[in-house]
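> Below are the structure tokens for one structure; questions will follow.
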Amino acid sequence: MARKRNRGFFITLEGPEGSGKSTQIPALAAWLRAQGLEVVQTREPGGTRIGEEIRALLHNPANIEMAPLTEILLYSASRAQHVAEVIRPALEAGQIVLCDRYCDSTYAYQGYGRGLALPVLREITQFATGGLTPNLTCYLDIKPELGLRRRQESAEEMNRLDRETLAFHRRVYAGYLALLAEEPERWVTVDAAQSIEQVQLDLRAILSNSLDLGSLREKVL
Ligand code: TMP
């Protein structure tokens, strides 16, 4: 039977294009559930019906005229709905939330990538989320050249941001490294250039440690 924890735990996965987050997250969620934990697997932009509609707008390559401010407000609108409808209720019910991208994507892409002022982005984000911050952020580290090549070779359609220049993706990459350095206690880095299997093993080891799964298992046995 799935076990409820007293307090929820909010985990986000971050990384540049082609870092493999969407391949890793379902396997990670299945593994946590097999330990008897209640897990909500979700993503941004999206994660709710309204959020998925916003995602389609944001990713549509036809929307080339979208202004940077419109872009940040749409990501934030999707996030506000996501926090209210999915993330906060799950955490309050003691569940683990495993989320593919969150606020750090805004800082990396709209802040470092597009050059919008970080203090303004932080204020908008605070407003959208009520200040809800992840307990743990796993950073899947991949160089932009390799990540974009992987993305181009995959069956997934290239979205509006994938089509940005290499210079944009290099700024995003540098942005992630800066964010990581600012808050090292929240972030853990995994080398995403490794095999899919090894990345999964590294992620499991990190979560095992952060969620104290060893002691949870001992209590159950
Ligand atoms: P993905 O789900 O394939 O990773 O695509 C999400 C895209 O949206 C990706 O290019 C990163 C971008 N993004 C932002 O620019 N800002 C954000 O706040 C979020 C959540 C995503």
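> Can you list, bin by bin at 5 Å, the percent of alpha carbon pairs in region 1-98, starting at 0?
Percent of Cα pairs in each bin: 3, 12, 19, 20, 20, 13, 7, 4, 2, 0, 0.
> Just need the relative contact order of region 81-221 here, percent rounded to a whole number, with Cα pairs under 8 Å and 6+ apart. Walk me through the intermediate numbers first.
Working: 86 pairs, mean separation 39.5, N = 141.
After rounding, I find 28 percent.
> Nothing charged except the Cβ atoms of Lys and Arg (+1) and of Asp and Glu (-1): what's the magnitude of the dipole of region 91-193 about its Cα centre? Round to the nearest 20 debye. Present the calculation step by step, with values, prior to reporting the outcome.
Details: 12 positive and 15 negative charges, 78 e Å.
Computed about the Cα centre, the dipole is about 380 debye.
> With N denoting the number of residues in region 94-221, provide Rg(C-alpha) divided by 2.2 N^0.38 Å, to two decimal places. Could you put the intermediate results ahead of the total?
Working: Rg = 16.7 Å, N = 128, 2.2 N^0.38 = 13.9 Å.
Computed over Cα atoms of region 94-221, the ratio equals 1.20.
> Of Ala155, Ala193, Leu132, whose Cα points farthest to the positive end of the dipole of region 130-196 (charges on the beta-carbon: +1 Lys, Arg; -1 Asp, Glu; origin at the Cα centre)?
Value computed over the given set: Ala155.
> Then there's this: Roughly how many Å is it from the Cα centre of region 66-119 to that of region 1-61, as a whole number?
13
> Quantify, in whole percent, the carbon and sulfur part of the accessible surface of the chain (1.4 Å probe; protein heavy atoms only). Let's see the in-between values first.
On the way: 5870 of 10670 Å².
With neighbouring chains kept in place, the figure for the chain is 55 percent.
> Over the Cα atoms, compute the radius of gyration (one decimal) and Dmax (the largest Cα-Cα distance, rounded to a whole number) for region 7-53, in Å.
Rg then Dmax for region 7-53, in Å: 12.1, 33.
> Counting Lys and Arg as +1 and Asp and Glu as -1, each charge on the Cβ, what is the dipole of the chain about the Cα centre in debye, to the nearest 20? Please list the in-between numbers first.
Working: 26 positive and 28 negative charges, 88 e Å.
Dipole magnitude for the chain comes out near 420 debye.
> With a 1.4 Å probe and all protein chains left in place, how much accessible area per residue does region 9-215 have, in Å²? Walk me through the numbers on the way to the answer.
Numbers: 9090 Å² over 207 residues.
For region 9-215, the solvent-accessible area averages 44 Å² per residue.
> Just to be sure I follow: if Rg is taken over the C-alpha atoms of the chain and Rh is the Kirkwood radius over the same atoms, what is Rg/Rh?
Numbers: Rg = 17.1 Å, Rh = 17.9 Å.
Taking Rg over the Kirkwood Rh, I get 0.96.
The values are calculated or read from the model by the stated rules, or taken from the named source; none is laboratory data. Keep in mind that this is a model prediction, so the values were computed, not measured. All Cβ positions, glycine included, derive from the backbone under ideal geometry; neighbour counts span all protein chains shown. Heavy atoms of the whole protein, side chains included, go into the accessibility calculation; ligands, DNA and RNA do not. Shrake-Rupley method; radii C 1.70, N 1.55, O 1.52, S 1.80 Å.
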